[in-house]
Amino acid sequence: MIPTRTQYRKWSLPTKWSFWAAVIGLPIGLGSLLLTIWPLTKSDPLIQERGQLLLKTAQETRHNHEWLSEVALTLSGRIDSMPPGSIKTDGLRQLLERHGEWLLRDSYGEEKYIHQLSLDLKEVSARLGTPNTRNKLLASLKSLDYTLDDIHFLNNFLLWYVSPHMSETLTEYQIYSLGWQGLPGTSYVTPGGAKPAMKTFLHDGKPIVDYLEYLGLID
């Protein structure tokens, strides 16, 4: 409250000093606060793009997981018709191309393998295409060095590898939008619960199912 001239004259000298210190200090304090907050109110385009690509990667790898699960159930005879769809890799490819240094900043030598694995998934996607029959899918798989479980493991491993960044960056709503168990667990489980049939992701002749174990092998 601003004093009247009469009130001001009656104040002691220390009171007057306190008054003027408050008058001068308040604008300075507000100015400093605004300078601190203002940069936070401006969105960094790089961070925005990174978040969008993380979400896109999460959505695509989740889609791949669900599609591959349905394909596996089709091959086992539990589902009659081939599910429509294909493997999507655009989000992960763009994320690694534009933000690979940030994404792999805490890596311990596996960064070259992560890049190669993402390229492998892209190639598999192109080779498989959009199979609309069981026979077409089986014919495509015969030409690959991957079984269906290998492909499924590869996709889910890449999702698992990137998921810590997703947990840090995506909102709870965005993670919730990915569906039940939107981010992966620590190991690969076949859709039918059987032992995975693999010919690429093997260690000592046995299928690798633990993502951390595989990460240790490529470090």
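Laboratory data are not the source of any read-out in this text; all were calculated from the coordinates shown. Because the structure is a prediction, the values reported are computed rather than measured. Here Cβ is always computed from backbone atoms with ideal geometry, including for glycine, and neighbour counts include all displayed protein chains.
For Asp149, Asp120, Asp204, the sequence from fewest to most other C-beta atoms within 10 Å is Asp204, Asp120, Asp149.
Starting from the Cα gyration tensor of region 106-148, take the square roots of the eigenvalues, sort them a ≥ b ≥ c, and report rounded, prolate or oblate (rounded when a/c is under 1.5, otherwise prolate if a/b is larger than b/c, else oblate). In terms of gyration-tensor shape, prolate.
Treating each Cα of region 49-94 as one equal point scatterer and applying the Debye formula with no solvent, the log10 of I(q)/I(0) at q = 0.23, 0.30 Å⁻¹ comes out as -0.73, -0.98.
Listed by Cβ neighbour count within 10 Å, with the fewest neighbours leading, Leu159, Leu73 appear as Leu73, Leu159.
Put in line by how crowded their Cβ is, counting other Cβ atoms within 10 Å and starting with the fewest, Asp44, Asp90 read Asp44, Asp90. The residues neighbouring Ile87, those whose beta-carbon lies less than 13 Å from its own, together hold a net charge of -2 under the Lys/Arg +1, Asp/Glu -1 convention.
Report D for region 96-174 in µm² per second (integer): Stokes-Einstein, Kirkwood Rh on Cα pairs, 20 °C, 1.002 mPa s. Reported coefficient: 149 µm²/s.
Could you list the chymotrypsin sites (Phe, Trp or Tyr not before Pro) in region 78-134 that lie in coil according to DSSP, counting only those with at most 14 other Cβ atoms within 10 Å of their Cβ? For chymotrypsin sites (Phe, Trp or Tyr not before Pro) across region 78-134 that sit outside H, G, I, E and B with at most 14 neighbouring Cβ atoms in 10 Å, the list reads Tyr108. Gain on full extension, evaluated as 0.36 nm per residue between Thr200 and Glu101 minus their Cα-Cα distance, stands at 32.9 nm. Start at zero, step by 10 Å, and the Cα-Cα distances of region 45-218 spread as 9, 39, 37, 14, 1 percent across the bins. Can you give the extra length, in nm with one decimal, that the chain gains between Trp180 and Asp210 once fully stretched, where that is 0.36 nm per residue apart less the Cα-Cα distance? That works out to 8.7 nm of additional length. Rg and Dmax, both from the Cα atoms of region 150-202 and both in Å, are 12.9, 38. Between Glu49 and Asp219, the contour length at 0.36 nm per residue exceeds the alpha carbon distance by 58.3 nm.
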